[in-house]
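Everything below concerns the one structure shown next.
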Amino acid sequence: MQQNPFLAILTRLGTFVLVMVVLSIMIFVLARVVPGDPARMALGPTATPEQVSALRTEMGLDDSLPVQYVSYMGRALQGDLGMSLLSQRPVTADLGQTVPATVELVLVAVIIMFAVAIPLGVMTAHFRDRWVDHVGRLFSLVGVTIPSFLFAISLQLLAARYFGDWPIIGRMDHGLGFAGGPTGLMLVDSLLAGRIDVFVSALQHLALPAVALSMAGIGQITRITRSAMLENRRKDHVLTLQSFGVPERVIIFRYLLKLSSIAPLTIMGLEFASLIGNAFVIEMVFSWGGFASYGLNAILQKDLNAVTAVVLVSGLFFIVANLIVDVLIAIIDPRMRRKEAR
Amino acid sequence: MAEVKMALDGANKDLSASYMMWYRFSRNPAAVIGTLIVLSAVIFAILAPYITPKPEDVGAVVNFRARHLPPDATHWFGTDKVGRDIFSRAVFGLRISLLLVIGVLGISVPIGTVLGLAAGYFGGWTERIITGLTNVMLAMPPLVMALAVSNLLEPTLMNAMIAITLLWWTWHARLIYAVSKSVASEDFIEAARIAGAGPMHILFREILPNCVSVISVKTTLDAAFVILFGATLSFLGFGVKPPTPDLGSMVADGRQFMPDFWWEVLCPGAVILYVTLGFNLLGDGLRDMFDMEG
């Protein structure tokens, strides 16, 4: 089935747009049908009925749902997601402050994930049914089964017990007097400002939450890499390489690894939604103060504009991650460049 | 594993397929351990009022003289901030977790299966709509959606369950769709159609039996995920109302007293790990039994 690659990319982008539209309709309807009047909540219990109804008209709550949705999306596309009830500021301003912290955490977690899981998957496949395999499989099984909050708390416990002054909450040491920089990513900003002490502190703070966040993914990706390696090892062209006397090392690293990294990448894209979910837990345990903490708070306080924005941004995270995965797979797998179907 | 295969290849060629599957399952230590763990958890949950040392501690009991006791012979998991026996509460918490599994999977697995079967067999617009819908649903961050749904309605276990169920069927639909689509092009389906079988017969009598192995493995592994998911929700404060014990909220409660009274976090946590590990081992065992790849 030959297909125009340009068309394939368009279809893919179309799917993503559709995802965002359905997601936004769902959360929008959900946020409007909840019991409780947003105008009443915004004004507090002391407001008079006249004040409430005036605000209702001002917020457009008296219009029909489709009208409200269209005007909300119109404003959202121009970067106006409404006001947050909690912070009394535009939601976009809150997001601008909190999203970078989460991006930094998730990026580092993903790097740890692949740095640990791919070699582990390769090793367990290579030493199949030997002790390395058994230990590696047990490790990935625990990674998949342990609740991330339990793992996070255990890390804190161990750090508190054995490394007394290792930081277990927050993003950096406030005593250092670093106000942040243009990107919002502590690791980058500190280097831009030339503050090595801040960089080290940020790295220390980041280590435990990033490891905790990566654990579930490490388990998944190790398992998938292992089974992909084993499956591809039996393929004809690999057996041919072996019969020509190509060393095992070359087979693994030049041929098998490339072929076997497609499955874990695809899974990574799909699992990104649950990675964001786990970030909610990890950020809470480590008082990270990122986008997920903001979202959790918004949900708890029924801050509707903020909740809607948080769900939309989570969806956007998922889509961006999957676009990156698509590009990576296209780079790795030449077949995909010619016929991207599905 | 290797010796099992050899034994099977040798003398037992004429044994029935189901016996061979059972043989493979029973000789797999991981599968047996998983089965034992799951069985023990189920038995504990069912018999909770009769076998726990202090079933009355499930309610709003306060016994300040016994608060924060470390684990010992009478309190296996120690006691919590108001002196209740953590072991008794954890066993009752297990009940909630397993109820959640039954509720969520009991609804979402049949829905996902039927939609997946239909999408794979009928093709055309049915296929396009169902796969489109699953792709969209898979992009929703499950935890975020569940939190939003359950809290905007009201943070109860029932709402949390509804929220999880709404999202869960998609994974099954996706998986069954793949199997159903490949089976649908087999000759015996064509033969059934020529013999005059209706779509209901083909879907449920011809295609569904080929999906049983996939469904059972996926459902078993999913049980672990649902437990994890439910525990995470209640850890974040979106679960059952106190004082009803729930493993996730017990961990959350214990976290306030962390470095000193570690058992209040680690013991309920270990119970979660015990069950999820059991379901995972059992699922992997089933997968080996059906001789599936991946």
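The values are calculated or read from the model by the stated rules, or taken from the named source; none is laboratory data. Bear in mind that the values here come from a model prediction, so they are computed numbers and not experimental data. Here the Cβ is made from the backbone with ideal geometry for all residues, glycine too, and neighbour counts use every protein chain on show.
The table below gives the values:
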item: Among (1) surrounded by fewer than 16 Cβ atoms within 10 Å (Cβ to Cβ); (2) more than 14 Å from chain B (Cβ to nearest Cβ) - the single one A:Gly82 does not satisfy; result: (1)
item: Residue check, B:Ile96 buried (at least 21 other Cβ atoms within 10 Å of the Cβ) and either touching a Cys at 6+ places or on another chain (Cβ under 9 Å) or in contact (Cβ under 8 Å) with a residue 40 or more places away in the chain (or both); result: yes
item: Residue identified as within 30 Å of A:Arg130 (Cβ to Cβ), more than 27 Å from the chain's Cα centre (by Cα) and outside any loop (DSSP other than H, G, I, E, B) among A:Arg226, A:Arg254; result: A:Arg254
item: Count of the range B:79-88 residues which are in contact with a helix residue (DSSP H, G or I) (Cβ under 6 Å, 6 or more places away or on another chain) and either of a type in the set (Phe, Trp, Tyr) or surrounded by 23 or more Cβ atoms within 10 Å (Cβ to Cβ) (or both); result: 6
item: Subset of the range B:149-164 (residues that are surrounded by 20 or more Cβ atoms within 10 Å (Cβ to Cβ) and assigned to a helix (DSSP H, G or I)); result: B:Val149, B:Ser150, B:Asn151, B:Leu152, B:Leu157, B:Ala160, B:Met161, B:Ala163, B:Ile164
item: Residues satisfying the stated conditions in the range A:285-303, i.e. within 18 Å of the chain's Cα centre (by Cα) and free of Cβ contacts under 8 Å to residues at least 60 places away in the same chain; result: A:Gly295, A:Leu296
item: Number of the exception - A:Ser287 against (1) assigned to a helix (DSSP H, G or I); (2) away from chain B (no Cβ under 11 Å); result: (1)
item: Residue within the range A:149-156 that is closer than 23 Å to B:Leu221 by Cβ, within 14 Å of chain B (Cβ to nearest Cβ) and not in a helix (DSSP H, G or I) present; result: no
item: Check on B:Ile102, surrounded by fewer than 21 Cβ atoms within 10 Å (Cβ to Cβ) and free of Cβ contacts under 8 Å to residues at least 12 places away in the same chain; result: yes
item: Checklist (1) within 30 Å of B:Gly237 (Cβ to Cβ); (2) among the aliphatic types (A, V, I, L, M); (3) away from chain A (no Cβ under 14 Å) applied to B:Leu208, failing item; result: (1)
item: Hey, A:Leu155 free of Cβ contacts under 8 Å to residues at least 24 places away in the same chain and crowded, with 17+ Cβ neighbours inside 10 Å or not; result: no
item: In the range B:81-103, the residues that are over 22 Å from the mean Cα position of the chain (by Cα) and hydroxyl-bearing (Ser, Thr, Tyr); result: B:Ser88
item: Residue ranges of helices (runs of 4 or more DSSP H) in the range A:7-88 with at least 1 members aromatic (Phe, Trp, Tyr) and at pLDDT 80 or above; result: A:65-77
item: Residues of the range A:124-146 satisfying the condition of being touching a residue at least 24 places away in the same chain (Cβ under 8 Å), under 28 Å from the mean Cα position of the chain (by Cα) and within 12 Å of chain B (Cβ to nearest Cβ); result: A:Arg137, A:Ser140, A:Leu141, A:Val142, A:Gly143, A:Val144, A:Thr145, A:Ile146
item: Hits in the range A:246-272 - residues which are within 11 Å of chain B (Cβ to nearest Cβ) and either surrounded by 24 or more Cβ atoms within 10 Å (Cβ to Cβ) or more than 19 Å from B:Arg174 (Cβ to Cβ) (or both); result: A:Phe272
item: Residue within the range B:3-19 that is surrounded by fewer than 16 Cβ atoms within 10 Å (Cβ to Cβ), at pLDDT 80 or above and either more than 14 Å from chain A (Cβ to nearest Cβ) or part of a helix (DSSP H, G or I) (or both) present; result: yes
item: First in the range A:18-31 and facing chain B (nearest Cβ under 7 Å), second anywhere and outside any helix (DSSP H, G or I) and of a type in the set (A, V, I, L, M, F, W, C), Cβ under 6 Å, 6 or more apart; result: A:Val19/B:Ala139
item: Matching residues in the range B:269-294 - criterion: being buried (at least 23 other Cβ atoms within 10 Å of the Cβ) and either within 14 Å of B:Ser40 (Cβ to Cβ) or within 9 Å of chain A (Cβ to nearest Cβ) (or both); result: B:Gly269, B:Val271, B:Ile272, B:Val275, B:Thr276, B:Gly278, B:Phe279, B:Asn280, B:Leu281, B:Leu282
item: Condition met for B:Val136 (within 22 Å of B:Leu166 (Cα to Cα) and at pLDDT 85 or above); result: no
item: Residue match in the range A:72-79 (condition: loosely packed, with under 12 Cβ neighbours inside 10 Å and at positive phi); result: yes
item: Helices (runs of 4 or more DSSP H) contained entirely in the range B:175-256, each with at least 3 residues that are buried (at least 17 other Cβ atoms within 10 Å of the Cβ); result: B:208-235, B:247-255
item: Residues located in the range B:114-148, provided they are crowded, with 22+ Cβ neighbours inside 10 Å, part of a helix (DSSP H, G or I) and either touching a Cys at 6+ places or on another chain (Cβ under 7 Å) or within 10 Å of chain A (Cβ to nearest Cβ) (or both); result: B:Met137, B:Pro142, B:Leu143, B:Val144, B:Met145, B:Ala146, B:Leu147, B:Ala148
item: Candidates B:Ile129, B:Ile111, B:Ile162 - the one that is under 22 Å from the mean Cα position of the chain (by Cα), over 20 Å from A:Val281 (Cβ atoms), among the β-branched types (Val, Ile, Thr) and modelled with pLDDT under 90; result: B:Ile162
item: Some residue of the range B:132-151 being more than 22 Å from the chain's Cα centre (by Cα), among the small types (Gly, Ala, Ser) and within 30 Å of B:Asp72 (Cα to Cα); result: no
item: Residue tally, condition at the interface with chain B (Cβ under 10 Å from one of its Cβ atoms) and more than 17 Å from A:Arg171 (Cβ to Cβ), over the range A:296-315; result: 13
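Residue-wise test of (1) farther than 14 Å from A:Val310 by Cβ; (2) of a type in the set (Val, Ile, Thr).
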site: A:Ser24; (1), (2): no, no
site: A:Val67; (1), (2): yes, yes
site: A:Tyr72; (1), (2): yes, no
site: A:Leu77; (1), (2): yes, no
site: A:Gln88; (1), (2): yes, no
site: A:Asp94; (1), (2): no, no
site: A:Leu107; (1), (2): yes, no
site: A:Val110; (1), (2): yes, yes
